[in-house]
Every structure is written in structure tokens, then in C-alpha cells.
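The values are calculated or read from the model by the stated rules, or taken from the named source; none is laboratory data. A quick note: this is a predicted structure, and the numbers were derived from the prediction, not measured. For neighbour counting, all protein chains shown are included, and Cβ atoms are generated from backbone atoms with ideal geometry for every residue, glycine included.
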């Protein structure tokens, strides 16, 4: 069974972001968030699906979504 990974997809601004999200979903991405203000979509899919999603018109980049934690106030390490 393929491992499901979280992805951050950067999209172009020449098409409505919700149209691109619909196409990504139809190709197998489980859409988590549509971040219209910054032109990104987050979602979950296996590696093979992520590679296929790169071919969708309007997709500029697909990268693994890396969780970040800024820590509590005054912490010396931020992640």
C-alpha cells in the first residue's frame, strides 16, 4: 500500500483556485485547505498521485508539506 503524504501545491493566478482544486481532487488529491490569498492548496496523496498532479494546468509546484512549530513564547528553538 502506498504511503499518503501531505502536500503543498502552488498554483498559477491565471485560473480560479477553486477550479484547480476541483481538478486536483478529481485526480486523487484529498484537498485539505484552499489558501486563496497566497495561491496554495494543501492536501494528501501518495507519491504517484503527486507526480501525476504536476501535469494539471495551473499547478506550478508540488512540495511535501512540512509541519512547523514556533514553540512557546521565549523558546530558544523555533522548529
task: Give the range 39-79 a look and list any residue that's outside any loop (DSSP other than H, G, I, E, B), surrounded by fewer than 11 Cβ atoms within 10 Å (Cβ to Cβ) and more than 13 Å from the chain's Cα centre (by Cα), or say none.
output: 48
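A quick yes/no check of all residues on (1) modelled with pLDDT under 95; (2) out of contact with any strand residue (DSSP E or B) (no Cβ under 6 Å at 6 or more places or on another chain):
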| residue | (1), (2) |
| --- | --- |
| 10 | no, no |
| 15 | yes, yes |
| 18 | no, yes |
| 23 | no, yes |
| 54 | no, no |
- line: residue 28 passes all but one of the listed conditions (1) part of a loop (DSSP other than H, G, I, E, B); (2) surrounded by 15 or more Cβ atoms within 10 Å (Cβ to Cβ); (3) without any contact (Cβ under 8 Å) to a residue 24 or more places away in the chain; the exception is number (3)
